[in-house]
Amino acid sequence: MTPAVTVRGLLDARPESVGLSIELLAGLGGLHRRITSPYIQKTGLALAGFHEYLQPGRVLLFGESEVRFLESLDPSARGEALAKCFNADLPCLLVTGGAEIAAEVLVEGERASVPVLRTTVPTAAAIGKLTAVLEDRLAHREIIHGVLIDILGLGVLIVGESGIGKSECALDLVVRGHRLVADDAVEVRRRSESIVIGACPELTRHHMEVRGLGLINIRDLFGVASTRTSKRIELVVQLDRWDAGREYDRLGLDETSYDLLGLKIPLIRMPVATGRNLAI
């Protein structure tokens, strides 16, 4: 199923946190409309009658040139051009630069139940900020079994079979001053062609399960600097049970990788034997 976010979901994502304040002017009944692409379309040709260039599932943006073009039309032609735009399968319309827009835009938006949004941010900056928000919201996500730690700024995903000691190793690393991102369940999402971000689901955030001890709150025990909500995954360490009959790379010359959402992440296989300190 194609990832999607509703217009309501976009507004609830608090885009103002990235400097993109958005106000809803019309089309309240269309907040359920789905945005399926992070790419913004800014096609003034649609106002001139070339509506085939409008792509479904993509936010339509009106900058200063589109607003001025609308102002140059007489009211009837303006209403007709807008009606044809809004009849396309658009999730919403965003007007940038805080421009004053013609009343027909709001009227046609209400008629077609297409949300009309406005921001004071200039067009170029608005496109960049909105694209970043949508890329994050529309990114493909998976939950994987492992522990994600921020080790001196490097995002390290520790994987391995259940009970091998991933959480105990992570706890020892936190004691040494490193930061926990997620324990047991790591939500990973691909944000671009070369970046995978790992985060902790809300339900288990700041918590860790240690066998024989139970659930502990890392932030309460070690302070707010001991955790973070997300981190780019740049290295995977796989813990394997020690097998005396297996050949292990002892010089670190073998280059191996771990497939994560279609990306190859550098991988280190670490044999686990009784009495070894994994954190060190």
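Taking label positions 7 Å along the Cα-Cβ direction at both PHE69 and LYS264, the computed distance is 4.5 nm, reported to one decimal. Qualifying GluC sites (Glu not before Pro) in the range 199-254, where qualification requires a DSSP coil assignment and no more than 13 other C-beta atoms within 10 Å, comprise GLU247. Loop-resident chymotrypsin sites (Phe, Trp or Tyr not before Pro) (DSSP state other than H, G, I, E or B) in the range 48-118 with no more than 16 further Cβ atoms inside 10 Å of their Cβ: PHE50. Note on the range 1-43: Rg/Rh from C-alpha atoms, Kirkwood Rh, equals 0.97. A Förster distance of 25 Å, applied to the separation of the beta-carbon atoms of HIS145 and ALA225, puts the FRET efficiency at 0.40.
Rounded to the nearest 0.05, what FRET efficiency is calculated for HIS51 and VAL272 with R0 set to 51 Å and r the Cβ-Cβ distance? Please list the in-between numbers first.
Numbers: r = 62 Å, r/R0 = 1.21.
My answer for the efficiency is 0.25.
I need the calculated FRET efficiency for the pair SER17 and GLU202, taking r as the beta carbon distance and R₀ as 22 Å, to the nearest 0.05. Each step should come with its number before you reach the end.
Details: r = 17 Å, r/R0 = 0.76.
It comes out at approximately 0.85.
Simple spin-label estimate for ARG111 and VAL175 gives 7.1 nm between the two label positions (7 Å along the Cα-to-Cβ direction from each Cα).
To check you understand DSSP bridge types, tell me what percent of the beta bridges within the chain (both residues inside) are antiparallel, rounded to 5. All intermediate terms of the calculation are to be shown ahead of the outcome.
Working: 36 of 55 bridges.
Beta bridges within the chain, antiparallel portion: roughly 65 percent.
Restricting attention to the chain, lysine pairs at least eight places apart or on different chains and with alpha-carbon atoms under 23 angstrom apart total 6. Considering only LEU203, VAL186, ILE218, and ranking their Cα positions along the charge dipole of the chain that arises from unit charges at the beta-carbon of Lys, Arg, Asp and Glu, the one farthest toward the positive end is ILE218. Magnitude of the charge dipole for the chain, about its Cα centre and with charges confined to Cβ atoms of Lys, Arg (+1) and Asp, Glu (-1), is about 400 debye. So for the range 1-127, Kirkwood radius off the Cα pairs, Stokes-Einstein at 4 °C and 1.567 mPa s: how many µm² s⁻¹? The diffusion coefficient I find is 90 µm²/s.
FYI, it's all coordinate maths here, none of it is from the lab. Quantities reported herein were computed from a predicted structural model and do not represent experimental measurements. All Cβ positions, glycine included, derive from the backbone under ideal geometry; neighbour counts span all protein chains shown.
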